[in-house]
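**Q** Structure provided below as structure tokens; questions to follow.
The values are calculated or read from the model by the stated rules, or taken from the named source; none is laboratory data. What you are looking at is a predicted structure, and each value in this text was computed from that prediction instead of being measured. Quick reminder, even Gly has a Cβ in these numbers, built from the backbone with ideal geometry, and neighbours come from all protein chains shown.
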Amino acid sequence: MEKEELIKRRKELMDRVDAIKADYRRGLDADSEERALQLENRETLEEIERVSLEEIAKIDEQLKALD
């Protein structure tokens with residue numbers, strides 16, 4: 001990947017992580033059915049966040065090597 005592509009991908013991943021963190025900050029819904037769905041989705045969001053942060057770390061290493 002070229003440097004510009006790496007930077008663009010890193011920004012996309014950071015936006016994704018920021019959106020997940022914002023979702024966590026909103027907390028759980030008062031409606032019990034909605035809350036149950038949110039709890040089910042939390043595990044998926046945690047995995048997406050973990051994978052995104054791993055990819056960001058790899059991109060950072062690649063960008064460092066390019067400099």
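**Q** Would you say residue 55 is modelled with pLDDT of 95 or more and under 14 Å from the mean Cα position of the chain (by Cα)?
**A** Spelling it out, residue 55 is indeed modelled with pLDDT of 95 or more and under 14 Å from the mean Cα position of the chain (by Cα).
**Q** Can you run down the residue pairs with Cβ atoms below 8 Å, 6 or more apart or on separate chains, where the first is in the range 1-30 and touching a residue at least 60 places away in the same chain (Cβ under 8 Å) and among the basic types (Lys, Arg) and the partner is surrounded by 12 or more Cβ atoms within 10 Å (Cβ to Cβ) and in a helix (DSSP H, G or I)?
**A** 3/63
**Q** Can you list residue pairs whose Cβ atoms sit under 7 Å apart, with the first residue in the range 46-57 being farther than 16 Å from residue 21 by Cα and the second being of a type outside the set (Ser, Thr, Tyr) and at pLDDT 95 or above? Count only pairs 6 or more apart in sequence or on different chains.
**A** Cβ pairs passing all conditions: 55/13.
**Q** Quickly run through the range 39-50 and pick out the residues that are surrounded by fewer than 13 Cβ atoms within 10 Å (Cβ to Cβ), at pLDDT 95 or above and of a type outside the set (Asp, Glu).
**A** 50
**Q** How many residues does the range 15-38 contain that are part of a helix (DSSP H, G or I) and exposed (fewer than 10 other Cβ atoms within 10 Å of the Cβ)?
**A** Summing the residues that are part of a helix (DSSP H, G or I) and exposed (fewer than 10 other Cβ atoms within 10 Å of the Cβ) in the range 15-38 gives 5.
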